[in-house]
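J.: I have a structure here, written as structure tokens, and I will follow up with some questions on it.
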Amino acid sequence: MEMNKKRGVLFAAIAALLIAGIVGVLIWASLVSDANAGNVSAYTTVVGAARGEILDRNGAPLVTNRQGHSITFNAVSFPSSEEQDQRNDEIISLIQLCEANKVDYIHNLPIKLTKKGGYAFTKKKGDAAYIEWLKSPDMLDLNAYASAADCMKAMVKKFELQPYSKEDALKIAAVRAEMIRNTFNVTYPYTFAEDVPTELITIIMENKAFYRGVEDTVVAYREYPDGTLAPHILGRVAGITEETYKEETEKLDARLKKAKTSAETEDLERNAYTIHDDYGSFGLENSLESYLRGRNGEKSVTIDADGKTSEVYTVNPEQGNSVILTIDKELQAVAQASLKDRVDTLNVSSDRQCAAAVVVQNVNTGEILACATYPSYDNNKWAEDYSDWAQDDNAPLWNRAVNSTYEPGSTFKPCVAIAALETGTIDKKWTWTCNGAYTYYSDHTFWCAHHVAHGRNNVTGAINQSCNCFFYETGRQLGIAKIDEWANNFGFGQKTGVEIPEAVGVISSPEEREANGGIWYAGDTITTAIGESDNQFTLLQMCNYVATIANGGTRYVPHFVREIKSSDYDKTVLIKQPQIAQQLNIKQSNLDLVREGMLQVGTIGFCKKAFSGLPVQAAAKTGTSDVVKIIDGKQVEGNNGFLVTYAPYENPEIAIAVCVETADSGALTAVVAADIYEYYFSPKQLQTTQDYGELLG
């Protein structure tokens, strides 16, 4: 009986296989018959999706998309790799057409012709990885020590470039190599040139008989309504790097292993990065890549016997999410203009070059309302001016607000004052008489600025007059351990947690000095107390610090992102809630003493002139620090000027930190803060873009 059952199962299996085979043959025959009868071909290709938009807090667009044209190769119609002559002729013709019309085509091959007619590798960023791939078994299969000439010789043979001149052979090889590197096939067309003028597209389309498989593809390109607005923060997109591509591929592989259904697998594979994709290269475009990048679609393309093409989207592409920032576009513009005006005023001689930065923050949420650096650049002029910017000694591409670190000078004194008050080292009655010099250490005299004698002061008066001698003695009694503890509490010498890359900075300490091979002296403790020694902080850290004083001791995580919505603004993807980094629990009486001193700075002290006439009372602390810069080969000494400030004094709303390099004094920076306060607190009509404003509610 058991044997009969086994035979029955076996016969059933054989029958099923025979039926499947017959059905398969019939289907194959039908397809071949249809293809021969109608010569119909069909294929599926990936359709790229537009990135999401970036808007300011009021809905004004900061980064959008525009439609442009790319020249692409369609593998179905483009001459095949077996049709070497036709493929090469078509490519060199396109190259010559682009050159004649001053249009760039994609040329990443890291090989150049030398003046002597030989070949050499180029040394741009990313070239080493390209050269490694070029020699790999996937491409030319050469030894690791193969020269540029060896690589070129192999490509001339591989692509049959013998009939061409060295110059033309190199140009064709650059395109052919890139086609292989970008996995040119039916699913993934190859992009030959991007953002091409309509006139050039017209020429190509009028000669379609020659330019087989060359197509005009409409692509979404990034557009900046005002390219000068916050370019360091917004960032840019560029071609994905080899390193990033490998990282994203590894992430995809890990996700594919966890995929539970074929549909999930197909979805992941469709949205995989290719080596020719764009990627956020820096700024928010980079840090928010996963939100801003859209989801690719698919389309099925059918070509009938007459050559007529029909397309059907089987999966529609989805635009990336829209990001609403905390930045106020108008306030950002005011901050940028004020920095430029201040720097231009101070650049009084050719051997004195200034730079500046400012951060404006909501003290009760950590939202960054403006973040500017000067000199700056225009995102819309990147292609034509990047080389000049990169070589400019004033470094316009550098984000001084979050990536530069500075010795903060006297702006650090409120931190030391709070540390001393909180530890009981001093109280409101404790005073120090300053005669212009501090002589506690017999081997060295430490001076107040300009040797000014400030007389007797308590902590409030010492903050107003910025008395070094008061803080020398306070720092000596307090000790470096407590100074550093409170510097850490206020967020100095650590990342703030903001969404874009930032410098860490350094809190001056014996451990830090010794780790760098130096010796810590007793005098370093007292110079640390006035913001000197090894202290190096970012302007963002300084702004967050004064915001913490303003709001009563809550240190928030600063952030640029306010909200993320779907591309149609129908769904909320993320709302950025205020995040507390640390609750300092400072006694109100101690805060009042320090804040009163800062109010005096803003009303009767160093900032009196700049702040007079403002619609609100502002508290502040100025600071200066010595700096030595090399300009045109000359050593130039000066002072960096700093200001930390908040307003209104009662019920604070915003905090500001300003730095002007080689400004000579912190008081000279106060006009920047005054311009910002004047705009922020003056009655004004909220300028929003109506359509976006309605979408944001």
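None of the figures in this text is laboratory data; all of them are computed from the coordinates on show. The structure displayed is predicted, hence computed values, not measured ones. Ideal geometry is used to build each Cβ from the backbone, glycine not excepted, and the neighbour counts take in all protein chains shown.
J.: Using a Cα-Cα cut-off of under 29 Å, which lysines could be cross-linked to Lys257, ignoring same-chain neighbours fewer than 8 residues away?
T.: Once the sequence-local lysines are set aside, what remains near Lys257 is Lys246, Lys299.
J.: Still on this structure: Kirkwood Rh and Cα-based Rg: tell me the resulting Rg over Rh for the range 246-391, rounded to two decimals.
T.: The Rg/Rh ratio comes out at 1.15.
J.: Right, something else. Taking only the alpha carbons of the chain, what extent do you get along each of the three principal axes, in Å, biggest first?
T.: Taking the Cα atoms of the chain, the three principal extents are 104, 80, 57 Å.
J.: Under a cut-off of 16 Å between alpha-carbon atoms, report the lysines in cross-link reach of Lys171, not counting same-chain residues fewer than 8 places apart.
T.: Output for Lys171: Lys102, Lys112, Lys153, Lys157, Lys158.
J.: Which cross-chain or sequence-distant (5 or more) residues have an amide H under 5 Å from the amide H of Val506, H modelled 1.01 Å from N in plane?
T.: Gly493, Gln536, Phe537
J.: What length, rounded to one decimal in nm, is gained on full extension from Lys112 through to Thr183, with 0.36 nm per residue of separation minus their alpha-carbon distance?
T.: Stretched fully, the Lys112-Thr183 segment lengthens by 23.2 nm.
J.: Using r as the Cβ-Cβ distance of Val627 and His451, and R0 as 25 Å, what FRET efficiency do you calculate, to the nearest 0.05?
T.: My answer for the efficiency is 0.75.
J.: How long are the three semi-axes of the equivalent ellipsoid for the range 375-500, computed from the Cα gyration tensor as the root of 5 times each eigenvalue, in whole Å, largest first?
T.: They are 40, 19, 12 Å, listed largest first.
J.: Sort by residue number and report every cysteine in the chain with no other cysteine beta carbon within a distance under 4.7 Å.
T.: Here Cys98, Cys151, Cys354, Cys371, Cys415, Cys448, Cys467, Cys543, Cys607, Cys659 come out as lacking a disulfide-compatible partner, given the Cβ-Cβ threshold of under 4.7 Å.
J.: Sorted from largest down, give the three principal axis spans of the alpha carbons of the range 500-569, whole angstrom values.
T.: Sorted largest first, the three principal extents are 61, 29, 15 Å.
J.: Normalised by the residues of the chain, what does the relative contact order come to in percent, with Cα pairs under 8 Å and at least six apart?
T.: For the chain, the relative contact order is 15 percent.
J.: Please list the helices of the chain that count as membrane-span-like by this rule: a mean Kyte-Doolittle hydropathy of at least 1.0 together with Cα atoms stretching 27 Å or more along the helix axis, each helix being a complete DSSP H run.
T.: Sorted by number, the helices that extend far enough and score high enough are 2-38.
J.: Under a point spin-label approximation (7 Å from Cα along Cα-to-Cβ), what is the Glu167-Lys260 distance to one decimal in nm?
T.: Simple spin-label model gives 6.2 nm for this pair.
J.: What residues have an amide H closer than 5 Å to that of Ile426, excluding those fewer than 5 places away on the same chain, when H is modeled at 1.01 Å from N in the peptide plane?
T.: Answer set, sorted by chain and number: Leu421.
J.: Cα to Cα, under 18 Å, and not fewer than 8 places away if on the same chain: which aspartates and glutamates meet these conditions relative to Lys123?
T.: The qualifying aspartates and glutamates are Glu132, Asp150, Glu178, Glu242, Glu243.
J.: Tell me, what is the FRET efficiency for Ala437 and Ala383 to the nearest 0.05, using R0 = 56 angstrom and their Cβ-Cβ distance as r?
T.: It comes out at approximately 0.45.
J.: If you restrict to DSSP beta bridges whose two residues both lie in the chain, what percentage is antiparallel, to the nearest 5?
T.: Roughly 95 percent of the beta bridges in the chain run antiparallel, per DSSP.
J.: Could you give the length gained on full extension between Lys157 and Gln617, defined as 0.36 nm per residue of separation minus the Cα-Cα distance, in nm?
T.: Length difference between fully extended and current span is 157.9 nm.
J.: Within the chain, which is the longest segment containing none of the trypsin sites (Lys or Arg not before Pro) that sit in a DSSP loop and have at most 13 other Cβ atoms within 10 Å?
T.: That gives 430-570 as the longest site-free run.
J.: I would also like to ask the following. Given H placed 1.01 Å from N in the peptide plane, which residues other than close sequence neighbours of Tyr556 have an amide H under 5 Å from its amide H?
T.: The list, which skips near neighbours in sequence, is Ala581.
J.: Now a separate question. What GluC sites (Glu not before Pro) in the range 56-90 are in a loop by DSSP, with at most 11 other Cβ atoms within 10 Å of the Cβ?
T.: Listed in order of number, the matching sites are Glu82.
J.: Shifting gears a bit: For Tyr521 and Glu243 in one chain, what is 0.36 nm times their gap in residues minus the Cα-Cα distance, to one decimal in nm?
T.: 95.6 nm
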